[in-house]
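Here's the structure, in structure tokens; my notes come after.
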Amino acid sequence: MRITVIAGGIGGARFLQGVRAYARAVDASVTAIVNVGDDVTLHGLRICPDLDSVMYTLGGGNDVERGWGRAKETWTVKEELAAYGVGPEWFGLGDRDIATHLTRTVMLNAGYPLSQVTQALCQRWQPGVTMIPATDDAVETHVIISAADAADQGLVTSASATAALEGGDYALHFQEWWVRFRAGIPAKRFVFVGADASKPAPGVEDALLGADVVLVAPSNPVVSVAPVLAVPGIRSALLTSRAPVIGVSPVIGGAPVRGMADKCLAAIGVECSAAGVGGAYGARSAGGLLDAWLVDTTDAGIVVPGVTVRSAPLWMTDEDATVAMVRAALTAGGVV
Ligand code: FO1
């Protein structure tokens, strides 16, 4: 059995631990198509948070408490950069993590596509699944906020720039909105810069068309799943794939399992609920994403038109719990 998973960062990585364990038990193969919209270039280094979260977590090198980055991390370079007054100080780069970004940046600068860089980094980490970035092209999520909010936050310094933005909008890289401002500035919308000109990375379309099942991880639907679907060719591959597409809700009882998905959903006018997210994803039979939608037991009984809805405990408390979720999702989709 070929299982393909569309995944974002931390929630996606936790989910993939369960998918990997399930796949090992039934001798199935797993391909993870990972979001690149969070990617950012800082200090001249290309940083790929979601790819790294998946790689470190499945490779056993992640810091479980912090949720991102490396275990046993040290911050000497970060302290030294601060001593030089070199920003941005709000984005913490750990010493071990920097080695990943240096390796990736050297390879990218040498002309290797991100998918090959990812394969090279995975030689060390052995994640046990095939990891492919959604695209080798640069696609970044930027958050549109109001000019007034930008000015209030001191993001627009010169008066002329403020005047130019008068009543207009201001774009902020997702990482600055997420990490520096903790998603505290109302987002008017999200734009996936570069998506229109991007194409699926090698292997992505085959992983979708040739899968026996496609799982949509309980990742942030707005900033983790949507940027993957924004890559031309990915949504059409999902629509034509013979594989059932089964989503797992990232929202339990009206609250996101982790992160700030509620603030992202509010920005796009989607109710922060299993029904709201399921409805936003839509039924594949109507041109949407899903054939089946697995929700938590607290949300049992919700209805998503055109989509088979089943419920199971969705708290990924440990790998066994996540394996049970995976099995419930496959059952919901009629795969097992
Ligand atoms: N998240 C934070 O809240 N603070 C940080 O300083 C931070 C640094 C960082 C460095 C590398 C990396 O791969 C991820 C990092 N993250 C940090 C997490 C990241 O912003 C988010 O987890 C994802 O982008 C959201 O999925």
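Could you please let me know if Gly233 is at pLDDT 95 or above, at positive phi and under 19 Å from the mean Cα position of the chain (by Cα)? Full working, then the answer.
Working: at pLDDT 95 or above: yes; at positive phi: yes; under 19 Å from the mean Cα position of the chain (by Cα): yes.
Yes; evaluated as a whole, the condition is true for this residue.
Right, Thr103: over 19 Å from the mean Cα position of the chain (by Cα) and either in a helix (DSSP H, G or I) or surrounded by 13 or more Cβ atoms within 10 Å (Cβ to Cβ) (or both) or not? Steps first, please.
Values: over 19 Å from the mean Cα position of the chain (by Cα): yes; either in a helix (DSSP H, G or I) or surrounded by 13 or more Cβ atoms within 10 Å (Cβ to Cβ) (or both): yes.
So Thr103 passes the test.
Quick check on region 292-315: of everything there that is of a type in the set (Gly, Ala, Ser) and free of Cβ contacts under 8 Å to residues at least 40 places away in the same chain, which residue is surrounded by the fewest Cβ atoms within 10 Å (Cβ to Cβ)?
Going residue by residue through region 292-315, those that are of a type in the set (Gly, Ala, Ser) are 292, 300-301, 306, 311-312.
Now drop any that are not free of Cβ contacts under 8 Å to residues at least 40 places away in the same chain, which leaves 300-301, 306, 311-312.
Values: Ala300: 12, Gly301: 9, Gly306: 15, Ser311: 19, Ala312: 19.
That would be Gly301.
If I filter region 261-268 for residues that are without any contact (Cβ under 8 Å) to a residue 60 or more places away in the chain, part of a loop (DSSP other than H, G, I, E, B) and more than 19 Å from Val5 (Cβ to Cβ), do I get at least one hit?
No, region 261-268 contains no residue that is without any contact (Cβ under 8 Å) to a residue 60 or more places away in the chain, part of a loop (DSSP other than H, G, I, E, B) and more than 19 Å from Val5 (Cβ to Cβ).
Please verify whether region 74-84 includes one or more residues that are crowded, with 23+ Cβ neighbours inside 10 Å, at pLDDT 95 or above and within 14 Å of the ligand (Cβ to nearest atom). Full working, then the answer.
Within region 74-84, the subset crowded, with 23+ Cβ neighbours inside 10 Å is none.
No, there is no match, as no residue in region 74-84 is crowded, with 23+ Cβ neighbours inside 10 Å, at pLDDT 95 or above and within 14 Å of the ligand (Cβ to nearest atom).
Looking only at strands (runs of 3 or more DSSP E) that fall completely inside region 1-96, which ones have 3 or more residues that are within 15 Å of the chain's Cα centre (by Cα)? Can you show your working first?
Numbers: elements: 2-7, 29-34, 40-42, 45-47.
In region 1-96, 2-7, 29-34 are the strands (runs of 3 or more DSSP E) which contain 3 or more residues that are within 15 Å of the chain's Cα centre (by Cα).
Could you please let me know if Val245 is crowded, with 19+ Cβ neighbours inside 10 Å and within 16 Å of the ligand (Cβ to nearest atom)?
Working: crowded, with 19+ Cβ neighbours inside 10 Å: yes; within 16 Å of the ligand (Cβ to nearest atom): no.
No.
In the list Gly203, Gly253, Gly279, which residue meets the criterion of being under 18 Å from Gly8 (Cα atoms), surrounded by fewer than 22 Cβ atoms within 10 Å (Cβ to Cβ) and not hydrophobic (A, V, I, L, M, F, W, C)? Lay out the reasoning, then the answer.
On the way: Gly253 fails: under 18 Å from Gly8 (Cα atoms); Gly279 fails: under 18 Å from Gly8 (Cα atoms).
Exactly one of Gly203, Gly253, Gly279 is under 18 Å from Gly8 (Cα atoms), surrounded by fewer than 22 Cβ atoms within 10 Å (Cβ to Cβ) and not hydrophobic (A, V, I, L, M, F, W, C), namely Gly203.
Restricting to region 291-332, give me the number of residues that are of a type in the set (Gly, Ala, Ser) and either part of a helix (DSSP H, G or I) or not assigned by TED's automatic domain parsing to the domain that holds Phe15 (or both). Talk me through it step by step, then tell me what you get.
Applying the first criterion (of a type in the set (Gly, Ala, Ser)) to region 291-332 yields 292, 300-301, 306, 311-312, 321, 324, 328-329, 332.
Then keep just the ones that are either part of a helix (DSSP H, G or I) or not assigned by TED's automatic domain parsing to the domain that holds Phe15 (or both); that gives 321, 324, 328-329, 332.
So the count comes out to 5.
Might you check whether a residue that is surrounded by fewer than 24 Cβ atoms within 10 Å (Cβ to Cβ) and among the acidic types (Asp, Glu) occurs anywhere in region 14-27?
yes
The values are calculated or read from the model by the stated rules, or taken from the named source; none is laboratory data. It should be emphasised that the depicted structure is a prediction, and the values quoted were computed from it without experimental measurement. Cβ coordinates were reconstructed from backbone atoms using ideal geometry, including for glycine residues, and neighbour counts include every protein chain displayed.
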